[in-house]
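**Q** First, the structure itself, so that you have it in front of you.
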Amino acid sequence: MVKCFFNISFFLILTTHLFGQTNEQAASQFIKSAFHLSEVMLHDVASPPAAARFYAYSMLSAYEVLQRNQLEMLALSKNFHVVPDFAKLNLPTKFNPAFSATFAMLETGRLILPSGYMLEAKQLELVKIFQKNYKLNTKDLEANQQYAKQVAAQIVTYAKKDGYFSLSILPRYRPNTKETGRWYPTPPEYMSAVEPQWKTIRTFFLDSADQFVPDPPAPFSTEKGSSFFNQLEEVVTVSKSLTPEQKAIAGFWDCNPFAVTYSGHAAMGMKKISPGGHWIGITGIVCRKANASLQKTIAAHTLVALSLHDAFVSCWYEKYHSDRIRPESAINKYVDEAWRPLLQTPPFPEYTSGHSVISTTSAEVLSYLFGENFEYVDTSEEYFGLPARSFKSFKAASQEAAISRLYGGIHFRDAIEAGQRQGEVIGRYIVEKVKNLNTRR
């Protein structure tokens, strides 16, 4: 199995030294800067699919900075569903790939995130770091900044044509009150449906949002013994006998940017990283453990981010196509009106499970890049006060992420299992595209 994005021998020279900065230092700086994107998304309470989009274009900018000037790296964008028409740019006389790639990532985030202005301070910090630690003079830094900004501008121009800015003029979601078993807002906030038209967003590798449609969910039924009612009762039964470990698993993979808690009459928003942000965090952890070069670190973050984006588009197509009721709503209406899930129910339809889809897709991509049995410790949730968890492989982590939705009481089993199959086929499809691109070089 091919697991490289570039010719290894070509980069042995850069592995030791990158214009005053070791490759390991460059990769570490990139990972630190990537987290600043997550911080801004936390501030903005970016929805899970929107967060994946922001990561995708930001990481793509960094990748393009390297790929355009190091031909041994794969031209990923040439294999997109809609191939970008990027113009050639003049390279700075003293090109610094580490600085330019990282700066371009931050610049793209600055331009596309609602509160992107917050990244300006991080860009200034990056400049100071390279001035102080790597003795880059002002003139060379300015030239590299200008180059990075030009690449970012091209990426943003491409992004503006993906349908994101047309979402506000598309029809809004209206709960189907004529049919039973359809989704409607849940307590405590009864928030409106999130991103009901996300299926219209352009994909990167997938041909369309409905390229990989899962099997339909179990038909809604309140008849005891039916597939749907059995699953409904399973959610109740599991919730009443959760072990401390199962509760910890549910909390670790919660990743709900919309969580709200109450103390008396006071409502408090609990900001958490998105599911995609969690897997971007895992990617950084894994790159550090593997001592990945700057090139592989950026390639890994980019491929994971692009795959997350496509997986969310595919999943969101199915969510609003099947439009299935959430466990909390069904249980309260047909079984126990006082029942509440361990986790807060997210504000969008139930089928398929988003975390199951995107986690399985990410696991497929990371397994391709780092191996099937790569062991690691996931510390990405320590930022939110949760202890780290250890995993024997990426697929083991994705399986835990999937079943966490049952423990949390927010998904039925068939949505979890169908989501895993959906994520697997998406991940394998993208990996095959990359492998074929490798073969053709």
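FYI, it's all coordinate maths here, none of it is from the lab. Note that the coordinates shown come from a computational prediction; the quantities given were computed from them, not determined experimentally. Methodologically, a virtual Cβ is constructed for each residue, glycine included, from the backbone with ideal geometry; neighbour enumeration extends over all protein chains shown.
**Q** Distance in nm between label sites at Glu375 and Val45, each 7 Å beyond Cα in the beta-carbon direction?
**A** Between Glu375 and Val45, the label points sit 4.2 nm apart.
**Q** OK, next. With label points built 7 Å along Cα→Cβ from the Cα atoms of His81 and Trp339, find their separation and express it in nm.
**A** Going from the His81 label point to the Trp339 one covers 3.7 nm.
**Q** Would you mind checking the pairs Lys135/Lys435; Lys199/Lys289; Lys296/Lys395; Lys289/Lys319 and listing those with alpha carbons more than 27 angstrom apart? All intermediate terms of the calculation are to be shown ahead of the outcome.
**A** On the way: Lys135/Lys435 39 Å; Lys199/Lys289 36 Å; Lys296/Lys395 21 Å; Lys289/Lys319 36 Å.
Check vs 27 Å cut-off fails for Lys135/Lys435; Lys199/Lys289; Lys289/Lys319.
**Q** While we're looking at this one, here's another question. Assign unit charges at the C-beta atoms only (+1 for Lys and Arg, -1 for Asp and Glu), then state the dipole size of the stretch 172-309 relative to its Cα centre in Debye, rounded to the nearest 20. Walk me through the numbers before you get to the answer.
**A** Details: 14 positive and 11 negative charges, 99 e Å.
That gives a dipole near 480 debye.
**Q** Give me Phe99, Phe220 sorted ascending by neighbouring Cβ count inside 10 Å, so fewest comes first. Show your work: numbers first, answer last.
**A** On the way: Phe99 28, Phe220 17.
Arranged by neighbour count, lowest to highest, Phe99, Phe220 become Phe220, Phe99.
**Q** Further, regarding this structure: Please get the size of the charge dipole for the chain, origin at its Cα centre, with Cβ charges of +1 on Lys and Arg and -1 on Asp and Glu, quoted in debye to the nearest 20.
**A** Numbers: 46 positive and 41 negative charges, 231 e Å.
Value, rounded to 20: 1120 debye.
**Q** Near Lys240, which aspartates and glutamates are there with a Cα under 16 Å away, not counting those fewer than 8 places off in the same chain?
**A** Hits, sequence-local ones excluded: Glu328, Asp336, Glu337.
**Q** So, by mean Cβ neighbours within 10 angstrom, what's the order for 82-89, 47-54 with the highest one leading?
**A** Working: 82-89: 11.6, 47-54: 26.2.
Highest-to-lowest ranking by the protection proxy: 47-54, 82-89.
**Q** Enumerate the aspartates and glutamates that Lys392 could reach by cross-link, defined here as Cα to Cα under 20 Å, with residues fewer than 8 away along the same chain left out.
**A** Straight-line reach from Lys392, under 20 Å: Glu245, Glu364, Glu372, Glu375, Asp378, Glu381, Glu382, Glu400, Glu424.
**Q** Hey, what do the phi angles of the stretch 221-234 turn into as Karplus ³J(HN,Hα) couplings, whole Hz, using 6.51/-1.76/1.60 and θ = phi - 60°, x for Gly and Pro?
**A** Using θ = phi - 60°, the values come out as 7, 9, 7, 4, x, 6, 4, 5, 5, 4, 5, 4, 5, 5 Hz.
**Q** Here is a follow-up. Mind giving me the nanometre distance, one decimal, between the label points for Phe95 and Ser227, set 7 Å out from Cα along Cα→Cβ?
**A** 5.5
**Q** Right, next: Pop out the ³J(HN,Hα) list for the stretch 33-48 in order, Karplus 6.51 cos²θ - 1.76 cosθ + 1.60 with θ = phi - 60°, rounded to Hz; leave Gly and Pro as x.
**A** In residue order, the calculated couplings are 5, 4, 5, 5, 4, 4, 4, 5, 5, 4, 4, 7, 6, 5, 5, x Hz.
**Q** Remind me, relative contact order of the chain in percent, using alpha carbon pairs under 8 angstrom and six or more residues apart?
**A** Working: 717 pairs, mean separation 92.7, N = 441.
Relative contact order of the chain: 21 percent.
**Q** As a footprinting exposure proxy, order Tyr351, Tyr173 by other Cβ within 10 Å, with the fewest listed first.
**A** On the way: Tyr351 25, Tyr173 17.
Least crowded to most crowded, the residues run Tyr173, Tyr351.
**Q** Return the label of the correct value of volume of the Cα convex hull per residue in Å³, as calculated from the structure shown, out of [x] 153; [y] 144; [z] 253.
**A** Among [x] 153; [y] 144; [z] 253, the one derived from this structure is [y].
**Q** As I understand it, the dipole of the stretch 321-425 uses +1 on the Cβ of Lys and Arg and -1 on the Cβ of Asp and Glu, about the Cα centre. Which of Phe370, Pro346, Ala402 lies farthest toward its positive end?
**A** About the Cα centre, the residue reaching furthest to the positive side is Pro346.
**Q** OK, next. Whole-Hz ³J(HN,Hα) for each residue in the stretch 189-201, computed from phi via Karplus 6.51 cos²θ - 1.76 cosθ + 1.60 with θ = phi - 60°, x for glycine and proline: what do you get?
**A** Listing the rounded values in order: 9, 6, 5, 5, 4, 8, 6, x, 10, 5, 4, 7, 6 Hz.
**Q** Another question, then. Taking amide hydrogens as modeled 1.01 Å from N in the peptide plane, which residues meet the under 5 Å criterion relative to Arg324, leaving out close sequence neighbours?
**A** Close amide H contacts, sequence-distant or interchain: Trp183, Glu350, Tyr351.
**Q** Under a GNM of the chain (C-alpha, springs under 10 Å), which listed residue has the highest mean-square fluctuation: Asn137, Asn373, Asn291?
**A** Of Asn137, Asn373, Asn291, the most mobile in the Gaussian network model is Asn137.
**Q** With 10 angstrom as the radius, rank Ile358, Ile112, Ile416, Ile280 by how many other C-beta atoms surround their C-beta, starting from the fewest. Show your work: numbers first, answer last.
**A** Values: Ile358 35, Ile112 20, Ile416 23, Ile280 28.
Ranked by crowding around the Cβ, least crowded first: Ile112, Ile416, Ile280, Ile358.
**Q** Also: I want to make sure I understand the PRE zone here: with the label point 7 angstrom from the Cα of Ala396 toward its beta carbon, which residues in the stretch 276-306 have backbone N atoms less than 18 Å away?
**A** Counting only backbone N, you get 282-283, 285-287, 289-290.
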